[in-house]
């Protein structure tokens, strides 16, 4: 079946602008995660959704970052007043559920955000 | 902060040789996973090893886990040019939220034809 998809694949914006990044998880996956990966680093956790609710947003760097998942499927990561330091690849992942704690997270191809 | 640290940072080998990458972590874990990433984009899950397991195999991959040393190794046997990628270990922390993966900085593997 289809994997996790993310749009756009690349986004170039100017400092101070607002951006939205979209994630379509694998159908039937209730858990959804956002990670951010800077150049030369591993992915860093941002936020986790179980269904519609954000169960853990402790990784969001500040209040300019916000994410929603209104119907428990597609999620949007929103960044206000973008800064050059926000430039990174934003990765989305989904998993079937977390009940066992061992569910594999399946990653999308990422959105490469460049803030000029 | 990053829990895991891969070693070496970069590894270059010839096709057909074996590649070994290591990962060390700091706190007790539930599970440790290895992922592959091509061209800085999406990660592909390779293998998961639980904290009570010591070794696991999947095709040409062999993963070991030593919880006393807080370390893991990934061995790729009979490497191919297509194995060229970055490899990351990821842990979820015992007693913490076991959905939150913490990644290392990765090992860049280059397999020369």
Here, strands (runs of 3 or more DSSP E) confined to segment B:2-58 with at least 2 residues that are surrounded by fewer than 19 Cβ atoms within 10 Å (Cβ to Cβ) are B:5-7, B:10-14, B:19-24, B:43-50, B:55-58
Inset, instruction - Using the structure shown, decide if residue A:12 is touching a residue at least 12 places away in the same chain (Cβ under 8 Å), more than 23 Å from residue B:32 (Cβ to Cβ), in contact with a helix residue (DSSP H, G or I) (Cβ under 6 Å, 6 or more places away or on another chain) and more than 14 Å from every other protein chain (Cβ to nearest Cβ). - result: no
Note on segment A:62-79: residues without any contact (Cβ under 8 Å) to a residue 12 or more places away in the chain and under 21 Å from residue A:114 (Cβ atoms) are A:62
Inside segment A:29-54, the number of residues satisfying the requirement of being over 21 Å from residue A:112 (Cβ atoms) and surrounded by fewer than 15 Cβ atoms within 10 Å (Cβ to Cβ) is 3
In this structure, does residue B:100 turn out to be in a strand (DSSP E or B) and either surrounded by fewer than 18 Cβ atoms within 10 Å (Cβ to Cβ) or within 11 Å of chain A (Cβ to nearest Cβ) (or both)? no
Flagged pairs (Cβ under 7 angstrom, 6 or more apart or on separate chains; first in segment A:80-106, at the interface with another protein chain (Cβ under 8 Å from one of its Cβ atoms) and loosely packed, with under 15 Cβ neighbours inside 10 Å; second outside any strand (DSSP E or B) and at pLDDT below 95) are A:101/B:98
Within segment B:39-53, the residues that are more than 7 Å from every other protein chain (Cβ to nearest Cβ) and more than 14 Å from the chain's Cα centre (by Cα) are B:39, B:51, B:52, B:53
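The values are calculated or read from the model by the stated rules, or taken from the named source; none is laboratory data. Here the structure is a predicted model, which means the values were calculated and not measured. So basically every Cβ, Gly included, is an ideal-geometry build from the backbone, and we count neighbours across all protein chains shown.
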